[in-house]
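Okay, so here's the structure we're looking at.
Each value in this text was obtained by applying a stated rule to the coordinates, not by laboratory testing. Model, not experiment: these values are computed from the prediction. FYI the Cβ positions are ideal-geometry reconstructions off the backbone, even for glycines, and counts take in every protein chain you see.
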Amino acid sequence: MKKFKVFALMLCAVLMVSTLSGCFYDSEETRYTNEVKSQIRDSIGFPNITNYFEYSQLKEIYEMRDNPNLICYWYTKNEYTGKWIYQGTCVGYGIPYGAAITAPESSQEARGGGSYWNIVPLAEPNGLYTESVVTTATWILSSVDGEIKPVYVESEITVSQTKLDSRLCEDWSIPDNY
C-alpha cells in the first residue's frame, strides 16, 4: 500500500510538472506566428503616423457627446419599407444597452501556497452583475414637450444632430414643423 501511495504521488508530480511546463512555454504555432510577425515588422515596419488625425477626431466626438445640452433627432427603421420613422428629439446620442459604469471583471491578487491573480466579476453600483451583452439595444433620453424620459429601444435606430432628409422618412411620421 505504501508503494502505491508513493507511486501515485510521483505520478501526480510528473503530471503537474508536465502541465505547468505547457503554461510557461509557447506552442510551436505561437513561436511561428511571433517569428512571422517579427519578420513583417523588420521588413515593412510600423505605420508612420504623425498627424494622429483619427485620434483627434475621436477626441472631438467624445467632447461633443459630453455636452448635457446636446439635442439630437432620433429615428427607428421601418423593417417593411426600409424608411426611417421620426421619433422626435432626444438628449445626446443614446447609450448602448451593454454600456456599464464599472468594468465587468477585476483582477484580484490571491494568496495561498503562492501568489497568483484571479479574475472575479464586479457588480454595478445597483448590485447587479452585467454579463457581456450582445445586443443593439439603446437607451434614449427622449424629449417630449420639454420633459425627458428614458426609452429602451431594440429596433435599429439613427441619432443625428441634424434632421434626416424627409424623403428618407415615412411621411406619416413627419410633423408639420419638420
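What the table shows:
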item	result
Set of aspartates and glutamates with alpha-carbon distance to residue 37 below 16 Å, sequence-local pairs under 8 removed	26, 28, 29
Stretch gain in nm, segment residue 147-residue 106, where the contour uses 0.36 nm per residue and the Cα spacing is subtracted	11.0 nm
Residues in the stretch 29-71 reached by a label modelled at residue 168 [backbone nitrogen below 19 Å; 7 Å Cα→Cβ]	71
Equivalent ellipsoid, the stretch 27-119 (semi-axes from 5 times Cα gyration tensor eigenvalues, Å)	41, 27, 18
Using a Förster distance of 22 Å, the FRET efficiency for residue 176-residue 79 (Cβ separation, nearest 0.05)	0.25
Rg to Rh quotient for the stretch 69-173, alpha carbon positions, Kirkwood Rh	1.20
